[in-house]
1. What is the diffusion coefficient of the chain in µm²/s, taking the Kirkwood radius over Cα pairs and the Stokes-Einstein relation at 25 °C with a viscosity of 0.890 mPa s?
2. If you find the alpha carbon centre of the stretch 110-163 and of the stretch 225-279, how far apart are they in angstrom?
3. Run lengths n ≥ 4 of DSSP H only: what is the helix-derived mean residue ellipticity at 222 nm for the chain, with -39500 (n - 2.57) per run over all residues, to the nearest 500?
4. Given the chain, what count of lysine pairs have C-alpha atoms under 28 Å apart, with each pair 8 or more places apart or on different chains?
5. Hey, what angle do you get for helix 388-405 against the long axis of the chain, alpha-carbon based, 0 to 90 degrees rounded to 10?
6. How far, in degrees from 0 to 90, does helix 184-193 lean away from the longest principal axis of the Cα atoms of the chain, to the nearest 10?
7. Ignoring ligands, DNA and RNA, what percent of the accessible area of the stretch 17-174 is carbon or sulfur (1.4 Å)?
8. Report the charge-dipole magnitude of the stretch 79-141 in Debye, nearest 20, computed about the Cα centre from +1 at each Lys and Arg Cβ and -1 at each Asp and Glu Cβ.
Amino acid sequence: MTVLTADPAARPLDVVADFPAIPAGWAYLDTAATAQKPRAVIDAITRGYDTDYATVHRGVYQRSADMTLAYEAARETVARFVNATPDEIVFVRGATEAINLVAQSFAGTTLKAGDRILLSTLEHHSNIVPWQMVAERVGAAIDVVPLTADQRIDLDAMARMLRPEHKLVALAHVSNVLGSVLDVRGASELAHAVGATILIDGCQAVARLPVDVRALGCDFYVFSGHKLYGPTGIGVLWGRRALLDAMPPYQGGGSMIDRVSFERTTYAPAPTRFEAGTPHIVGALGLAAAIDYVQGIGLERIHAHETALVAQAREALGRINSVRVLGPADSAGIVSFAMEGVHPHDIGTILDESKVAIRAGHHCAQPLMAALKVEATARASFGVYNGPDDVAALAAGIERVARIFG
Ligand SMILES: Cc1ncc(COP(=O)(O)O)c(C=O)c1O
């Protein structure tokens, strides 16, 4: 599969052969839900459970010592990937757990009645519900930044809304529905100007854009491994060292302690303090392999590749009368759309008959659906393995839907 990128000077991306789960002729357009896995990741996971398997951090025998080195090397790989230091990287189950950890250990211990949390209209439920739970517990209130006319988080509105009572801001770097890209640096400056701490949900960004947490200027950054071509069950919380050091543990158990007695228990420093129990050892190895894989291609190339596919898809869908394409023109790798008189589930089912896999539903963003005045949308999302033939299959499938419902 040969792909033209937005930058004609860039080498075309031709990597679908790396993905054993994508048979010829199947247009997999649901990468925003979860990315397919390259052979390099599958091999790393297989090796982890096959020849190399042992526990970490406690074995006195060589195999366990080797596995500990590999697990900690994976943490270093993650740290380099986002320009952080390894002691700022906490392995968690995924973005959902990372946000819950910050909600409970940071917001739950520092916010008080009368404080406010600022979210946006386009957040995924996992960047809404944990804040509602903690707000209810401590007596804080939640405010919601609206979207601009072209469906981005409205930073001008955010600047007008922010007050010193806002202690925590939590926003998506890239919307999982609209693909809108946030100016994280700008949002961080606004939050910091009123003394608020800012968490960025990078779930949809890390596989699509280069991410440098220092340059972005945020305080916490979270993402899931499975959307980055890595395994499920592993994800990352990055936090500024001083913030992590001041936070109490999220869960108690083995591995996260310094000393335990029935009288008093003391905790290990971060990040160990936040990793209670036997970790997802092989998941971390798989995530590191996924990071090596995307870095081997280059995030800038991936971004250019997906930008070109989004432009082609928006153009092709825009030509079909009954289709309303959502989101800004420069969305990152994700195109949501609605069809007059057709439920998105029917679109998804008919496309599946033509071997085109899209997502249909509320995408865990019901407040956004309400703001867009739709029940659900159809969503095509791209990855490194997609090409113009997948866009053509999508457009042909949608034309068929239009004929059926004609
Ligand atoms: C923007 C965004 N945030 C958070 C999540 C939650 O990720 P996970 O279910 O892997 O924890 C998702 C997953 O769809 C997402 O797209």
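The values are calculated or read from the model by the stated rules, or taken from the named source; none is laboratory data. Given the structure is predicted, the values throughout are model-derived calculations rather than measurements. Don't worry about glycine lacking a Cβ; one is built from the backbone with ideal geometry, like all the others, and counts go over all protein chains shown. Surface accessibility is based on the protein's heavy atoms, side chains included, excluding ligands, DNA and RNA. Shrake-Rupley method; radii C 1.70, N 1.55, O 1.52, S 1.80 Å.
1. Working: Rh = 22.1 Å.
Taking Rh from Cα pairs, D becomes 111 µm²/s.
2. With the stretch 110-163 and the stretch 225-279 each reduced to a Cα centre, they are spaced 26 Å.
3. -11000 deg cm²/dmol
4. Details: K37/K227; K37/K355; K112/K167; K227/K355; K227/K373.
Final tally of qualifying lysine pairs is 5.
5. The two axes meet at around 60 degrees.
6. Computed tilt is about 50 degrees.
7. Percent of accessible area from carbon and sulfur atoms in the stretch 17-174: 55.
8. Around 60 debye, computed over the stretch 79-141.
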